[in-house]
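The values are calculated or read from the model by the stated rules, or taken from the named source; none is laboratory data. Just so you know, these numbers come straight off a predicted model, no measurement behind them. Here the Cβ positions follow ideal geometry from the backbone for every residue, glycine too, while neighbour counts run over all protein chains shown. Note: accessible area is taken over every heavy atom of the protein model, side chains too, but ligands, DNA and RNA are not part of it. Shrake-Rupley method; radii C 1.70, N 1.55, O 1.52, S 1.80 Å.
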Amino acid sequence: MKIIAVMNQKGGVGKTMTSAAIAYILGEEMKNRVLIADADQQGNVSMLYGVYDPEGLGMPELLEAHQAAGGAYSTKELIQQTTYSNIQIIPANGYLMRTNAELLLVEREDQILRFSAAMNEVRTKYDYCIVDCGLLLDMTVMNVLAAADLVIVPAKIGGFEIGAINNMVEQLETFRDFNEDIRMKVLLTMKQKNKTTLQVESWMRDKESYECFETAVRRSVVAEKSTMERAPLPAFSRNCAATKDYRAVCQELIKEL
Ligand SMILES: Nc1ncnc2c1ncn2[C@@H]1O[C@H](COP(=O)(O)OP(=O)(O)OP(=O)(O)O)[C@@H](O)[C@H]1O
Ligand SMILES: [Mg+2]
């Protein structure tokens, strides 16, 4: 199982859109066995897959009370089936805030290795685990980074994005002690067709401190609608521009992993 984290410390850049879309394409369309892990207390990817429950079990229990850390839960019992047969999910909700506080207080060596330990239980059961991260580098996200094979960093083209990407490059370097093979790749999102955007795009691609996916995901009104309708984009629209782009992203991912 390859663990792909989708992360950026900027809000609203398309992390959840990306996580939900690539999970759908890899699982429902390409018939891989996919596990989604929701690592954001907002629970947005859980909502898109119809399993959000503010009082339900999921990621908080996985990190706070897994059997590998002496608790009561196995990974298996925290996983839920979605309506798509090849896609299962560990949901999240607001209790992840409590998880972050608790993990900060336990000064144990395993405090950022808990996600990794919990994933060991299911490594042979899935081809991919896609993790939708929240925007803070909190204990939950640190646990994810300690386990990830690849970090996809969605970035809107322009504005303050470049600063956020540089921060990620630096932070991942500090993670090499826990996860020496971790890699990151920037995915340009919400691309518009005008001269300024194209110039900024080529400038962002020319930086040497990080790699970019060749595909950039186009901005599409249909993508926004899919969020309002609480559906993964490719399930909502099989053929809109952004869905096609995410298919190309998945092809790049498969080649790479
Ligand atoms: N390609 C796209 N075209 C148009 N709108 C998009 C596209 N991708 C994402 N959006 C919209 O942008 C908004 C933010 O996207 P999303 O929720 O995926 O970002 P996020 O990075 O997960 O945000 P947060 O930091 O709150 O978790 C949503 O309303 C979504 O519908
Ligand atoms: Mg999100």
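Numbers at a glance
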| read-out | value |
| --- | --- |
| Test: residue in region 176-184 that is among the basic types (Lys, Arg), without any contact (Cβ under 8 Å) to a residue 60 or more places away in the chain and more than 20 Å from GLY11 (Cα to Cα) | yes |
| Candidates GLY43, GLY50, GLY94 - the one that is on the phi > 0 side of the Ramachandran plot and without any contact (Cβ under 8 Å) to a residue 60 or more places away in the chain | GLY43 |
| Residue ranges of helices (runs of 4 or more DSSP H) in region 75-191 with at least 3 members farther than 20 Å from ASP38 by Cα and open to solvent by less than 40 Å² (accessible area, probe 1.4 Å) | 161-174 |
| Region 230-250, residues that are polar (S, T, N, Q) and loosely packed, with under 14 Cβ neighbours inside 10 Å | ASN239 |
| Search result, residues across region 8-38 that are within 20 Å of PHE115 (Cα to Cα), open to solvent by less than 10 Å² (accessible area, probe 1.4 Å) and more than 10 Å from ligand 2 (Cβ to nearest atom) | ALA23, VAL34, LEU35, ILE36, ALA37 |
